[in-house]
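The values are calculated or read from the model by the stated rules, or taken from the named source; none is laboratory data. The structure presented is a predicted model; accordingly, all values stated were derived computationally and were not measured. Every residue, glycine as well, gets a Cβ built from its backbone with ideal geometry; the counts of neighbours run over all protein chains shown.
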Amino acid sequence: MKISVIGTGYVGLVSGACLAERGHQVTCVDIRPEVVLEINAGRPPIHEVGLENLLRSARDKGLLSATTDAKPAILDSDVTLICVGTPTVDGRMDVSQIVAAAEEVGAALANKRGYHVVAVKSTVLPGTTEGPVKAAIESHCGRRVGDGWGLCMNPEFLREGRAVEDFRVPDRIVVGATDPITAEVFLRVYAGFTCPKLITTPRTAEMIKYVSNSLLATMISFSNEIGNICSAVPGVDARSVWKGVHLDRRLTPINGQVGGPAGVTEYLWHGLGFGGSCFPKDVAALRSFGRTVGEQTRMLDAVLDINADQPLRMVALLEKELSLAGKNVAVLGLAFKPGTDDLRESPALPLVAELRRKGAKVLVHDPIAMPHAKRRTEFRDVVFAENWADALRKSDACCLVTAWPEYREIQPADFSRLMARSLVIDGRGVFEPAAMVEAGVVWRGVGYTPES
Ligand code: NAD
């Protein structure tokens, strides 16, 4: 098929590259010329494992190109995927990007011959596809939906950091279509994908995405509340608690792959809370949507409240051990999770701000996200270290924020050898407390307080 993709961020570019890999002819459209240039040069503007190879191979086979010019790209395609951002502004979903994209699609479809399917892949609240998106397309193309074009909602479930793998082998494909012909035509995009395919209405498809993200976010905030209780009981180790809980077969997937620290899922595991461009904004948007339809959102309120507090627990743990004014604090990891360069809503942001506010000198390191961090005002006053050892050298304390594999390799003796005072606050439950204590490291973490 010929596919145009509007918006080439994490979702648009990964979808485009993976669909080109399947033999579709893909044209990516973005309003940022610098992003288009990078894509056409075979350099992904975002970090995702496997994306560069995929992009280069698709480009070299002539199956993927990028442009800032939406109209010809849409006219020369059978299907358009809308993958632009849907941020929350003051806790409410902002539809301005999606409406602008829908208007461009509508304007192009005014001159289109042959059936065309428009699919919303962006995460949008129930009613958006059949409301503002449909209205924007109809008013700009002068034809009602069903008259030469069809509309559907196809939520995307990929995770940053594993986006290519998730798109290639999805758990499910959900298509919320306004009519059966549109669903049938659109499913040709996913010909050859063997996962379950669920056909539903656009509103239900929209809701499925919010419920999926909100459930995972709820699991994380639940885990953090439990981790905080464990911290308050010396000798109870939240890491073992999760391992014990996951031995329940109701929580263990049949294939045994749960995708987190050994034997557990990463969503039922204490830490610094969730971040990134999706969970915080989607839970906030569902909460405000719930209120607009007259429902209380006590659970979602708690999920967001717990998440906002969690990064600051690291500062409280630090302050029990030393006064922060004038001290050197190393922060390992800036990305909101391993595998991505995305800093949006990362727990590192409030943590670094609070450390600076308390007068600490902050040294940061991240294997991938530092170029992005250097451009952000939040990191104006910090020192960027070349590697983790440089960050630790002469530091009075270390905060482990992102569980990058290379940080898991740091040995307890490295902390005692490099640091002025080996105090480690383990925000992700990565290090073994007993081994740290044996090496003379003062280890503190969310989820566990050693017995005195
Ligand atoms: P992003 O911010 O990384 O990318 C959006 C892109 O759209 C940008 O490159 C922007 O320049 C471009 N854009 C905006 N308006 C445009 C227009 N009119 N024409 C062409 N390009 C335009 O966003 P993302 O992370 O890829 O997310 C996109 C959507 O997918 C959001 O609704 C998000 O909630 C959802 N989603 C994201 C993820 C994820 O992990 N990032 C996963 C699933 C779903």
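In the stretch 111-151, what residues are among the polar types (S, T, N, Q) and part of a loop (DSSP other than H, G, I, E, B)?
Hits for the stretch 111-151 are ASN111, SER122, THR123, THR128.
Of the residues screened, VAL118 is not one that is within 26 Å of GLU165 (Cα to Cα), near the ligand (Cβ under 10 Å from one of its atoms), modelled with pLDDT of 95 or more and in the same structural domain as ASP147 (by TED's automatic domain parsing). Looking at the stretch 153-172, can you tell me whether even one residue there is aromatic (Phe, Trp, Tyr), away from the ligand (no atom under 12 Å from the Cβ) and surrounded by fewer than 23 Cβ atoms within 10 Å (Cβ to Cβ)? Checking the stretch 153-172: not a single residue is aromatic (Phe, Trp, Tyr), away from the ligand (no atom under 12 Å from the Cβ) and surrounded by fewer than 23 Cβ atoms within 10 Å (Cβ to Cβ).
Taking the listed residues LEU13, LEU81, the one that is within 14 Å of the ligand (Cβ to nearest atom), part of a strand (DSSP E or B) and surrounded by 18 or more Cβ atoms within 10 Å (Cβ to Cβ) is LEU81, with no other qualifying. Of everything in the stretch 13-69 that is touching a residue at least 60 places away in the same chain (Cβ under 8 Å) and over 24 Å from the mean Cα position of the chain (by Cα), the residue that is nearest to ALA101 (Cα to Cα) is HIS24. Entry remark, the stretch 38-59: residues being of a type in the set (A, V, I, L, M) and part of a helix (DSSP H, G or I) number 5 in total.
Taking helices (runs of 4 or more DSSP H) that fall entirely within the stretch 388-452, which contain at least 1 residues that are in contact (Cβ under 8 Å) with a residue 12 or more places away in the chain, among the hydroxyl-bearing types (Ser, Thr, Tyr) and out of contact with any Phe, Trp or Tyr (no Cβ under 8 Å at 6 or more places or on another chain)?
Where helices (runs of 4 or more DSSP H) fall fully within the stretch 388-452 and carry at least 1 residues being in contact (Cβ under 8 Å) with a residue 12 or more places away in the chain, among the hydroxyl-bearing types (Ser, Thr, Tyr) and out of contact with any Phe, Trp or Tyr (no Cβ under 8 Å at 6 or more places or on another chain), they are 412-418.
The residue of the stretch 344-380 that is surrounded by the fewest Cβ atoms within 10 Å (Cβ to Cβ), among those that are in a helix (DSSP H, G or I) and among the basic types (Lys, Arg), is ARG357. Candidates GLY263, GLY227: the one that is in a helix (DSSP H, G or I), more than 22 Å from the chain's Cα centre (by Cα) and not assigned by TED's automatic domain parsing to the domain that holds GLY127 is GLY227.
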